[in-house]
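In what follows, a structure is listed as structure tokens, so that the remarks can point back to it.
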Amino acid sequence: MQELHLVSPIPPSVNHYLGYRGVLKGGKPVAMSYCTNEAKKYKQQFADYVRKEVVKQGWDLVPNRTQHFYVDTVFYFPATNLDCNNYFKCMLDAITDTQLIWLDDNITCERVQAIYYDADNPRVEIVIHPVDYIGVFDNASHLEAFVAKCTDCVRYTRNCSLLNKAREGRIQDDIVDGICKKYKQRKGTKGGNRNG
């Protein structure tokens, strides 16, 4: 399993990520958000570091829209009154900006493994690795077995929407416990087996 190990300074919290200012739009005052200078600086520096680490560590997984990733973290805060949930957004957005790990951080599964306190060296230690599951399938073997049975189905040659949605992780009434209710054997195949 491929892993990417990173160390980040404590990123700006969600409270310091975006600022707001009033502007007139159509003659009416509207609040408009903007990225703070603190967040811009962090994102640029951390993204540059991530790019270097991708090369250095030989990370070669090609980003796509369906591969999910665990983002395991250990926080080393400078004080005991900080909440780790406030620090993911800016950090994950900086990684997204590289487009080298994932295309959008909506496929990340953030997991806090521990929280410590280190006033001399505050940081976040991060390990990124792909999840085992693929869509609604427990692992690659489960998906491969399901697809192998799909090849005998008339829907398979028509770019089956059920299979495509299952690969995306969409729950469907037509696929239950690994069995496709819409399976219909294609003529000239030996199969007859439904998925499962």
Length-normalised contact order of region 69-187 in % [C-alpha pairs under 8 Å, at least 6 apart]: 29 percent
Among 16, 45, 69 the positive-end extreme of the charge dipole of region 1-126 (Cβ point charges): 16
Proxy reagent accessibility, fewest Cβ within 10 Å first, across 182, 187: 187, 182
Mean-position separation - Cα centroids, region 81-111 and region 24-63, in angstrom: 10 Å
Within straight-line cross-link reach of residue 41, aspartates and glutamates at Cα separation under 15 Å, skipping those fewer than 8 residues along the same chain: 93, 97
Built amide H within the under 5 Å cut-off of residue 131, gap 5+: 68, 69, 70
Net charge dipole size for the chain [Lys, Arg +1 and Asp, Glu -1 on Cβ; Debye, nearest 20]: 1380 debye
Net charge of Cβ neighbours under 13 Å - reference residue 18; Lys, Arg +1; Asp, Glu -1: +2
The chain, helix-only ellipticity at 222 nm - DSSP H runs n ≥ 4, -39,500 (n - 2.57), divided by all residues, nearest 500: -8500 deg cm²/dmol
Spatially proximal lysines relative to residue 43 (Cα-Cα < 19 Å; intrachain offsets below 8 disregarded): 52, 89
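Values in this text are rule-based calculations from the coordinates and carry no lab data. Fair warning: this is a prediction, and the values are worked out from it, not measured in the lab. Backbone-built Cβ (ideal geometry, glycine too); neighbour counts: all protein chains shown.
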